[in-house]
Amino acid sequence: MALWLEWQIKVYVLMVSLCVEAWTSAATPPNSTLAVFEQWTARHGRIYVNNLEKTKRYEIFLKNLHFIEDFNKAANRSYTVGLNQFSDLTTEEFHARYNGLQPMSRSSNSSAATTFEYQNVTQVPDSINWVDKGVVGSIKNQGSCGSCWAFAAVATVESGLAINGGPMLDLSEQQLVDCSKDNGGCKGGWVEAAFQYIKRDGITSEQNYLYKGVEGDCNSEATLAHKVTIQGHHNIPVDEHLIEMAVAAQPVTANIDTKSVEFRSYSGGVFTGPCGRQNLDHSIVIVGYGRSNSDGLNYWLIKNSWGEQWAEKGYMRIQRNSGIREGVCGINLAASHPIM
């Protein structure tokens, strides 16, 4: 009976794949897409609860696969897209699981410094890469917890400490998720509120307070062994040149819109959109800037918290000097950095 049921499910999956192939214009031959899907699930460790769920994910995967093929065939692209760990998700599912920013009104944030620290800088280098300088921590993975705000805040504090002569520490995002009560844990939060918490209570190491990817009770005993505090933070005015001045001195956080399929499928090159510029949903860290040798586009180098399987080993180059006040994906709208 079990073998008969398994055979029926295989036939059903095949019928679905053929139906989907009939209305798409993919370059991949129909008889190979199921094999591609099976290879993808094995690589990413996907185990579905039942075959109906697997069939649903296969349909979504096919749509994403065909989008990727069609996009990469087009001429004059400055970036490519590809399969990654998000390729069996819809846009809505992805947004619900892997973002987590809740934008804060800066006008109500009285604890932020009112002057821009680097306003008197007269000259900045043509390019800078803090990763190459050895003061950026490893790429981490927030998982399906909406804790991007915690990862962005922690990354800039780690870098700020190292740039100012301290050790390159691995600090605890989980402490912020559990203990920063002005934030929403895995339901989202604010980088500014994370900075306020670190200023007030300090932050311990990842080793002392391991990341679990779920919100729990604050482990007050672990927080007593805090390693780092900050003096406060600066909010950078909405001005690309001023952000450039700040990044020339240290990595900074920024908020962006990541809801497009192009963004989550990005695999390399200089990302130019499409994406929104107002409804920001994700926090990242700008760890450098430069100019692409292949097409001459200026870019920001951003560090993300979606693991090394995404994009350029966890990093993205996103267009700079685009002529858009808000910046591509709104990257200019809410940049900030800790004051060490």
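The values are calculated or read from the model by the stated rules, or taken from the named source; none is laboratory data. Since the structure is predicted, the reported quantities are computational estimates derived from the model, not experimental observations. Note that each Cβ is placed from the backbone with ideal geometry, even for glycine, and that neighbours are counted across all protein chains shown.
In table form, for the structure just shown:
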| item | result |
| --- | --- |
| Selection status of Phe94, outside any loop (DSSP other than H, G, I, E, B), in contact with a Phe, Trp or Tyr (Cβ under 7 Å, 6 or more places away or on another chain), in contact (Cβ under 8 Å) with a residue 40 or more places away in the chain and under 30 Å from Glu192 (Cβ atoms) | yes |
| Flag if Leu176 is aliphatic (A, V, I, L, M) and at pLDDT 95 or above | yes |
| Which numbered condition Ile286 misses (of (1) buried (at least 24 other Cβ atoms within 10 Å of the Cβ); (2) in contact with a Pro (Cβ under 7 Å, 6 or more places away or on another chain); (3) touching a residue at least 60 places away in the same chain (Cβ under 8 Å)) | (3) |
| Any hit, the range 202-222, residues being of a type outside the set (Ser, Thr, Tyr), over 19 Å from the mean Cα position of the chain (by Cα) and either surrounded by 21 or more Cβ atoms within 10 Å (Cβ to Cβ) or not assigned by TED's automatic domain parsing to the domain that holds Lys303 (or both) | yes |
| Sole residue being farther than 20 Å from Thr91 by Cβ, surrounded by 19 or more Cβ atoms within 10 Å (Cβ to Cβ) and hydrophobic (A, V, I, L, M, F, W, C), chosen from Leu297, Leu280 | Leu297 |
| Of all residues in the range 240-255 being in contact with a helix residue (DSSP H, G or I) (Cβ under 9 Å, 6 or more places away or on another chain) and not hydroxyl-bearing (Ser, Thr, Tyr), the one that is surrounded by the fewest Cβ atoms within 10 Å (Cβ to Cβ) | Ala249 |
| Output for the range 223-239, where each listed residue is buried (at least 17 other Cβ atoms within 10 Å of the Cβ) and among the charged types (D, E, K, R) | Lys227 |
| Where Val287 falls short, out of the listed (1) closer than 21 Å to Thr80 by Cβ; (2) under 14 Å from the mean Cα position of the chain (by Cα) | (1) |
| Selection from the range 230-275 of residues that are touching a Pro at 6+ places or on another chain (Cβ under 6 Å) and modelled with pLDDT under 95 | Ser260 |
| Failed condition for Ala249, given (1) free of Cβ contacts under 8 Å to residues at least 60 places away in the same chain; (2) over 16 Å from Ile331 (Cα atoms) | (1) |
| Extreme residue, farthest from Thr91 (Cα to Cα), among residues of the range 244-277 that are of a type in the set (S, T, N, Q) and not in a strand (DSSP E or B) | Gln250 |
| Filtered residues of the range 305-326 (kept if buried (at least 24 other Cβ atoms within 10 Å of the Cβ) and assigned to a loop (DSSP other than H, G, I, E, B)) | Ser305, Ala311 |
| Residue satisfying all of: in the range 29-72; within 23 Å of the chain's Cα centre (by Cα) and of a type in the set (A, V, I, L, M); nearest to Ser260 (Cα to Cα) among these | Ile68 |
